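The values are calculated or read from the model by the stated rules, or taken from the named source; none is laboratory data. The structure presented is a predicted model; accordingly, all values stated were derived computationally and were not measured. Here Cβ is always computed from backbone atoms with ideal geometry, including for glycine, and neighbour counts include all displayed protein chains.
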Amino acid sequence: MSAGSTTETFGTVAVAGVGLIGGSVALGLRDRLLARHIVGLDASAQALEEALALGVIDEARTSPGEWLSAADLVVLAVPVKALSPMARSLAPFLSNAALITDVGSVKTGIAVEFEALGVRNFVPGHPMTGSERGGVANASAGLLENAVWVLTPTERTPLTALARMRRLIEQLGAAPVVMPPDAHDKLVATISHLPYLASLALTHMVARDERLSLLAAGGFRDLTRVASGDPRMSRDMVVENKAALREALQSFSRQLEHLAETLDDPDELLAAASEGKRTRDNLPVVKRSLLPPKHDLVVAVPDKPNQIGAITRILGEASINIKDIEVLAIREHGGAIRLGLEEASDVDRAAALLREEGYTTRHRG
Ligand SMILES: NC(=O)c1ccc[n+]([C@@H]2O[C@H](COP(=O)([O-])OP(=O)(O)OC[C@H]3O[C@@H](n4cnc5c(N)ncnc54)[C@H](O)[C@@H]3O)[C@@H](O)[C@H]2O)c1
Ligand SMILES: O=C(O)C(=O)C[C@]1(C(=O)O)C=C[C@@H](O)C=C1
């Protein structure tokens, strides 16, 4: 890094745990030209092979060793239970100048572990993004874009390391948020670990009667998506945070009891429903991921090959950026797709171009 520069590029980066999150960090570093050489360290030969084949890493390692002393950025992205053992096995080889971080979902503990090992420049982190589908095959740089990425330094974390980490997160297109580890664990108990347990409770109710599975539609699917995550990894994550999670579960039970009471008080239930809608609609993650309806264009597509390819080519040639695409309906003689466009003015231009080519379009919203 040149003195005073705002970007830092890393020579060698080691990613320990080349799965969904480790792979996404590696791809983010690659896409933004922030790393010259990326080494993947993983217990699974298959994960390493896949990561090499996908171009996520340049070199594969199955165990720590002297090679790690060349790394100037080390990212621990193994399951939470494996973080401390991984810290202990890496520590003897780490360079004093290297920036070290992790992405684990629970934060009390890991900083203390590194501090006890005498490792400098460790900044604990947790990107608030992810998927129920693990593994490097599902990794993408886009997963980290616009995500809130929590950093939980302790009073012993060097400020220079914290500043470097903040900058790295910004360079990856995410937003750093700093807070103490115990505050983080309390918050994620409610915002991440409780929803996971709630999704299990809901799926267990359905498992009792196969007619329920048959009737499950989008609402049930959306509420239970995280139940499809890796069971062992998810179990370890919630167990690691059990004290905070127990408190969150008690609050949740009180909420359910209150809602049960409001069934006899429609005005109270309406107030609860309105508050729920307000909160949900204003979640930053929802607002970030939804385009205003006025930027939507619905296109009727005939049942012919390569219709999506043809439409994206027409818009691409006119430099109209498609931010989102959704298949709305598939019928025997054709279907409809919704295009989410970047600018409101793009909708008129896109509609005109597509009509010229014989497509039927309608604005939505
Ligand atoms: N999945 C998410 O949505 C999400 C989001 C944010 C943070 N995280 C955190 O990121 C970390 C990784 O999660 P993921 O979803 O990428 O998991 P993943 O299963 O996709 O990847 C984990 C990788 O670690 C490897 N691994 C497991 N144990 C190992 C060990 N002892 N030594 C070396 N390699 C080992 C696995 O082979 C795998 O390649 C976890 O700590 C998790 O809490 C996950
Ligand atoms: O699956 C997703 O979309 C996620 O964001 C995964 C999720 C979460 O639901 O909170 C799960 C655990 C991680 O520690 C962070 C994020």
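Summary table below
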quantity	calculated
Candidates 62, 108, filtered to the one that is buried (at least 19 other Cβ atoms within 10 Å of the Cβ), in the same structural domain as residue 134 (by TED's automatic domain parsing) and polar (S, T, N, Q)	108
Pick from the stretch 325-365, criterion at pLDDT below 80 and among the basic types (Lys, Arg), ranking: nearest to residue 295 (Cα to Cα)	364
Criterion violated by residue 185 - all others in (1) away from ligand 1 (no atom under 13 Å from the Cβ); (2) more than 14 Å from the chain's Cα centre (by Cα); (3) surrounded by 20 or more Cβ atoms within 10 Å (Cβ to Cβ) satisfied	(1)
Residues being surrounded by fewer than 16 Cβ atoms within 10 Å (Cβ to Cβ) and of a type in the set (Gly, Ala, Ser) - total across the stretch 194-211	2
Count of the stretch 89-116 residues which are β-branched (Val, Ile, Thr) and assigned to a loop (DSSP other than H, G, I, E, B)	3
Single condition residue 19 does not satisfy, out of (1) buried (at least 24 other Cβ atoms within 10 Å of the Cβ); (2) touching a strand residue (DSSP E or B) at 6+ places or on another chain (Cβ under 8 Å)	(2)
Boolean, residue 191 is under 18 Å from the mean Cα position of the chain (by Cα) and surrounded by fewer than 14 Cβ atoms within 10 Å (Cβ to Cβ)	yes
Scope the stretch 117-157; condition part of a loop (DSSP other than H, G, I, E, B), away from ligand 2 (no atom under 11 Å from the Cβ), farther than 19 Å from residue 84 by Cβ and of a type in the set (A, V, I, L, M, F, W, C); matching residues	139
Selected residue (only one of 177, 188 is touching a residue at least 40 places away in the same chain (Cβ under 8 Å) and of a type in the set (A, V, I, L, M))	188
Qualifying positions in the stretch 138-152 - over 16 Å from residue 24 (Cβ atoms) and out of contact with any strand residue (DSSP E or B) (no Cβ under 6 Å at 6 or more places or on another chain)	none
Matching strands (runs of 3 or more DSSP E) fully within the stretch 5-71 where at least 1 residues are of a type in the set (Ser, Thr, Tyr) and away from ligand 2 (no atom under 16 Å from the Cβ)	10-16
Tally of residues being within 16 Å of ligand 2 (Cβ to nearest atom) and either in contact (Cβ under 8 Å) with a residue 60 or more places away in the chain or not in a helix (DSSP H, G or I) (or both) across the stretch 72-83	8
